[in-house]
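In what follows, a single structure is set out as structure tokens and then discussed.
Please treat every number below as a calculation from the coordinates, not as lab data. This structure is a prediction, so every number in the text was calculated from the model and none was measured. Here the Cβ is made from the backbone with ideal geometry for all residues, glycine too, and neighbour counts use every protein chain on show.
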Amino acid sequence: MTRYTLAGRTVAITGSTGGLGAAVAVELRARGANLALLDLNAVAVAAQAAALGGPDVARGWHADVRDLESLQTAMNAAANHFGRLDVAIANAGIDVVEAMLTGDPATFERVLDINLTGVWRTFRAAAPHVIEQRGHLLAVSSMAAFVHSPLQASYTASKAGVWAMCDSIRLELLHTGVTVGTVHPTFFDTPLMDDVLANPAGRALWGEHKKAPWKLIPRELVVTETVNAIERRAKITTVPRHLASVSKAPGLVRDLINRVGFPPRAIRTALDLAAAPSRQP
């Protein structure tokens, strides 16, 4: 497929002031894209837009992925401001480490609402404009779509759901010329990851991410591959790329990954830590 050049195109990104969102925004500007920056923090997103060049090339809007109307208002305003909206990146997301039996049901629902339904809302709000440009929709999923860690039912369900949902939406929009993709990074350095590392249960599960298969990869690699995925209009991108086999045959490798990555002792320790009173929401 011909490279989808980003120069002169307008890209909307949710969660734009977060660790990955902010870094992707910088890379998009470096490749000549205009930026519609969407975030819950109106002050932070305004400062981000100014730092990236100001209203001619970057402008921020308050938007909440849990509120379809706020996303529609922001997407409409962005398309009106820049005269077009070519790409939408559903990037906003959260993570928690908690067990089913001791976790807060409201937290489970919140993760699904932001990570999964929030992607649907983002695409719903952006799609009319993206269809006009025969553009691209990209959702930030995770390798957790294929590798299902204990104590992460909400996160793995949301990320696997994003993968499946995008497959469906891709087929729905095929006749419009719009392409739909998902990007699936493994663990990398972000503020969200800092929260995981600060959680005793998370440290017990993943060994503080110091060794394979849970070792952190550079954020720069995730950023580059995410933007490259747009320019390739790729259906699915794993980061790093050599993990593609995991996405293509999850049923064949999952049992091996579970045995190697999550020994019973580590799971029991993590469950005990997650149930401790100091870890309750």
> What number of residues within segment 16-67 are of a type in the set (A, V, I, L, M), closer than 19 Å to L221 by Cα and within 17 Å of the chain's Cα centre (by Cα)?
Replying inline: 7
> Which one is nearest to P200 (Cα to Cα), of the residues in segment 150-190 that are surrounded by fewer than 23 Cβ atoms within 10 Å (Cβ to Cβ) and among the charged types (D, E, K, R)?
Replying inline: D189
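Can you tell me which residue among V65, V45, V111 is of a type in the set (V, I, T), assigned to a helix (DSSP H, G or I) and in contact with a Gly (Cβ under 6 Å, 6 or more places away or on another chain)?
Values: V65 fails: assigned to a helix (DSSP H, G or I); V111 fails: in contact with a Gly (Cβ under 6 Å, 6 or more places away or on another chain).
V45 is the lone residue from the list that is of a type in the set (V, I, T), assigned to a helix (DSSP H, G or I) and in contact with a Gly (Cβ under 6 Å, 6 or more places away or on another chain).
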> What are the residues in segment 34-58 that are surrounded by 23 or more Cβ atoms within 10 Å (Cβ to Cβ) and over 14 Å from G15 (Cα atoms), if any?
Replying inline: N34, A58
> Restricting segment 1-37 to residues that are free of Cβ contacts under 8 Å to residues at least 40 places away in the same chain and either among the hydroxyl-bearing types (S, T, Y) or in contact with a helix residue (DSSP H, G or I) (Cβ under 6 Å, 6 or more places away or on another chain) (or both), which is nearest to A234 (Cα to Cα)?
Replying inline: T2
>> What are the pairs with Cβ atoms under 8 angstrom where one residue, in segment 202-219, is surrounded by 14 or more Cβ atoms within 10 Å (Cβ to Cβ) and the other, located anywhere, is part of a strand (DSSP E or B)? Sequence gap at least six, or different chains.
In response: L216/F188; I217/P185; I217/F188; I217/V239; R219/F188
> Does segment 48-58 include one or more residues that are touching a residue at least 12 places away in the same chain (Cβ under 8 Å) and either in a helix (DSSP H, G or I) or touching a Cys at 6+ places or on another chain (Cβ under 6 Å) (or both)?
Replying inline: yes
> Can you name every residue in segment 129-145 that is in contact (Cβ under 8 Å) with a residue 60 or more places away in the chain, crowded, with 24+ Cβ neighbours inside 10 Å and either among the hydroxyl-bearing types (S, T, Y) or assigned to a loop (DSSP other than H, G, I, E, B) (or both)?
Replying inline: G135
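If a residue must be touching a residue at least 12 places away in the same chain (Cβ under 8 Å) and either farther than 18 Å from L20 by Cβ or of a type in the set (V, I, T) (or both), how many such residues does segment 168-201 contain? It would help to see each step written out before you state the result.
So in segment 168-201, the residues touching a residue at least 12 places away in the same chain (Cβ under 8 Å) come out as 169-170, 173, 176-193, 195-197, 199-201.
Keeping just the survivors that are either farther than 18 Å from L20 by Cβ or of a type in the set (V, I, T) (or both) gives 169-170, 173, 176-180, 182-183, 186, 190, 196, 199-201.
Residues that pass the stated criteria total 16.
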> Hey, any hits in segment 121-133 for a residue that's over 24 Å from E225 (Cβ atoms) and within 16 Å of the chain's Cα centre (by Cα)?
Replying inline: yes
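Quick grid of which residues meet (1) crowded, with 21+ Cβ neighbours inside 10 Å; (2) more than 12 Å from the chain's Cα centre (by Cα):
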| position | (1), (2) |
| --- | --- |
| E69 | no, yes |
| L85 | yes, yes |
| A92 | yes, no |
| T107 | no, yes |
| L112 | no, yes |
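Matching residues to (1) within 19 Å of P240 (Cα to Cα); (2) not acidic (D, E):
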{"position": "H136", "(1), (2)": "no, yes"}
{"position": "L151", "(1), (2)": "no, yes"}
{"position": "C166", "(1), (2)": "no, yes"}
{"position": "H184", "(1), (2)": "yes, yes"}
{"position": "D195", "(1), (2)": "no, no"}
